[in-house]
Every structure is written in C-alpha cells, then in structure tokens.
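The values are calculated or read from the model by the stated rules, or taken from the named source; none is laboratory data. Treat the numbers as computed from the prediction; the structure is a model and nothing was measured. We place every Cβ from the backbone using ideal geometry, glycine too, and count neighbours over all the protein chains shown. In case anyone asks, the SASA skips ligands and DNA or RNA and just uses the protein heavy atoms, side chains included. Shrake-Rupley method; radii C 1.70, N 1.55, O 1.52, S 1.80 Å.
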Amino acid sequence: MRVVVNYNSDAYLKKCVLDALPQVREIVLVDNASTDASTDSCSRHFTNEPKLTIIRNTANLGFAAACNIGSSTRWAISYFSSIQMVSWMPLVSGFLNPRDFG
C-alpha cells in the first residue's frame, strides 16, 4: 500500500496516482483540507478505480498525521506527498520491483 498526502497539488496529483497505480495493490490518498480542486478532480478521474481510497481531512493536519491516518488500518510500504512522488519515483523504480510490495 502507498499513502499519498495531498494539499493543493492540482497540477501533480493525477499524475502521481497514475504513476503509482501499476506499482501497488492499493493507494490511500489523504487530502489535508485542500482549497483547490485537486482531490475533487482526482476523485472524478478515478471514479471506477478500486485500488484508490480517498480520505478527506477537515483541517490540514500536516504530513506525518496524514500518513498515520492513511495507514491506520494497514501497514504501508511508502509515504509520499503528491509533488514528491512525481519527481522521486522514476529514480526509485529502477531499484525496486513493484511486485515485491503491496
């Protein structure tokens, strides 16, 4: 499982989720009370995606708290902000085999 934390990342969020979907069994997107349309747009785009769960916080609780919320019922293998994921994952993908992780 991958936890993706979002706060006003409209320009990056869909790409982040698209890039992660083939690599994991589940994505938990935790929105930290974004004021832009990022989470709504992502929710519409991935309406029929069973791997994606969206949690919407009513306040910006910060990255660590959002990670804890996202992994509260399961063990997570990685935590990313939506911006970090887009820039960092291509570097990691050459070292990790996604089939080894959930």
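Quick notes on this structure:
- Total residues in the range 64-77 satisfying the condition of being open to solvent by less than 90 Å² (accessible area, probe 1.4 Å), over 11 Å from the mean Cα position of the chain (by Cα) and not small (Gly, Ala, Ser): the figure is 2.
- Test result for Ser38, farther than 15 Å from Cys67 by Cβ, crowded, with 19+ Cβ neighbours inside 10 Å, polar (S, T, N, Q) and out of contact with any His (no Cβ under 9 Å at 6 or more places or on another chain): yes
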